[in-house]
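The values are calculated or read from the model by the stated rules, or taken from the named source; none is laboratory data. Values in this document were obtained by computation on a predicted structure and should not be read as measured data. Here the Cβ positions follow ideal geometry from the backbone for every residue, glycine too, while neighbour counts run over all protein chains shown. Side chains are part of the model used for accessible areas, which takes the heavy atoms of the whole protein and leaves out ligands, DNA and RNA. Shrake-Rupley method; radii C 1.70, N 1.55, O 1.52, S 1.80 Å.
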Amino acid sequence: MTGIASKFDKAFESRSVNDLADAPVSALHGISDSDAEHLLAAFGIRTVRDLGTNKFFLWAQAVATLAD
């Protein structure tokens, strides 16, 4: 879990994977509260789970993978 936990703010480092998935997207290192507000307004993303399952992000990831 160290690898995953290190991608989150300190307050979330000891949480379970399920808790991390349901954490606000701003819990991720590098995503500010302002960034989170923009993600919510543009894509309806509130949680890390929402971000990881967003169809636009998944489509972009698939294209990038195929391009490599």
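Assuming L20 fulfils every condition listed in (1) surrounded by 15 or more Cβ atoms within 10 Å (Cβ to Cβ); (2) touching a Ser or Thr at 6+ places or on another chain (Cβ under 7 Å) apart from one, which condition is it?
Failed condition: (2).
Filter region 23-49 down to residues that are in contact with a Ser or Thr (Cβ under 7 Å, 6 or more places away or on another chain) and either open to solvent by 70 Å² or more (accessible area, probe 1.4 Å) or modelled with pLDDT under 95 (or both), then give me how many there are.
Here the count works out to 1.
Would you pick out the residues in region 51-68 that are more than 22 Å from G30 (Cβ to Cβ) and open to solvent by less than 80 Å² (accessible area, probe 1.4 Å)?
Within region 51-68, A62 is the sole residue that qualifies.
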